[in-house]
Amino acid sequence: MNAAQILLIAKAPVPGRVKTRLCPPCTPAQAARIAAAALADTLETATGCTATARTLVLDGDHPAPPGWATLPQRGGLLGDRLANAFADARPAGTAVLLIGMDTPQLTASTHLDPALSRLTGSDAVLGPAEDGGWWALGLRDPGHAEVLRRIATSTATTGWETLTALRRRGLRVHLLPRLRDVDTAADARTVAALCPPDSRFARAVATDVPAIRDAAVSEAPALPDAAATDGPALPDAAATDGPAPLDPAADDVPPPPDPPTRAEPAGGRTTAGTGLAAGTVSTVVGR
């Protein structure tokens, strides 16, 4: 198999169409500047990673850096647009790592390169977000992205449902570090503190986010900690009517088959985005 390529799914930073949950306290113009900074920093980081190809999957019109291909987002619901991005961008035999624009604290050495490298051995990698979604999804066989069409995005259980759906297919899923994605002004301030002070995002937040009192992050079902092995146990099957627990000492072990009565989660409507934070690909994907 060839080395993996990276997809960045994003919204063009147009006032009133992007980062609307920053308003208030931000104005639409301020929110768009913050989104533009997050996108620029993420593009720069992804340009410096070891991916063999890079594609910006865009809702709207925005220039891509040299060396990047551009694809339009295709579909209505976010789950469909994510699945279509995997389908439209993949060359045969190439793994794909998809990220969004809502985690500008990413670095190539700590986050992207380890995720790309892991796809040479694991079937999938999943980066949980703090709000219950996910910030990255990598698939050695991008065809498995079809599961995303049946998962409601931007909910507190998006990440867990994605992990469960992948395991139902017998995939070995490696969990990446949990990150906070940017949805609200409180998120923006927290994430900016994790970025280099001279980064575009940190400067934009310092300039365009009015002083606020940080709000507590809503409780969301946590995905297993990334520090655990690649086959963390799911909840007890008797309590959840779900898959039987996995052996936490095992590495990248697929789950046993589901009980025949288990139903797939129904798809749901979403705003736009890419974040699984142990949050959403916003879903965190360019909300």
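What the table below lists for this structure:
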| quantity | calculated |
| --- | --- |
| Selection within region 1-48 - among the small types (Gly, Ala, Ser) and closer than 27 Å to SER109 by Cα | ALA3, ALA4, ALA10, ALA12, ALA35, ALA36, ALA37, ALA38, ALA40, ALA46, GLY48 |
| Unique residue being within 21 Å of SER117 (Cα to Cα) and touching a Pro at 6+ places or on another chain (Cβ under 8 Å) when the list is THR47, THR55 | THR47 |
| Per-region count, region 19-39, residues of a type in the set (A, V, I, L, M, F, W, C) and within 17 Å of the chain's Cα centre (by Cα) | 3 |
| Unique residue being out of contact with any Lys or Arg (no Cβ under 8 Å at 6 or more places or on another chain), within 16 Å of GLN5 (Cβ to Cβ) and among the polar types (S, T, N, Q) when the list is THR47, THR110, THR55 | THR55 |
| Out of ASP61, ASP41, sole residue that is in a helix (DSSP H, G or I), of a type outside the set (Gly, Ala, Ser) and out of contact with any Asp or Glu (no Cβ under 8 Å at 6 or more places or on another chain) | ASP41 |
| Any hit, region 90-103, residues being in a strand (DSSP E or B), hydroxyl-bearing (Ser, Thr, Tyr) and surrounded by fewer than 24 Cβ atoms within 10 Å (Cβ to Cβ) | yes |
| Cross-chain or 6+ apart pairs with Cβ under 6 Å, region 1-30 first and over 30 Å from LEU119 (Cα atoms) and part of a helix (DSSP H, G or I), then aliphatic (A, V, I, L, M) and modelled with pLDDT of 95 or more | LEU22/ALA31; LEU22/ALA185 |
| Test result for ASP80, of a type outside the set (A, V, I, L, M), under 19 Å from THR50 (Cβ atoms) and modelled with pLDDT of 95 or more | no |
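The values are calculated or read from the model by the stated rules, or taken from the named source; none is laboratory data. Bear in mind that the values here come from a model prediction, so they are computed numbers and not experimental data. Virtual Cβ from ideal backbone geometry, glycine too; neighbours counted across all protein chains shown.
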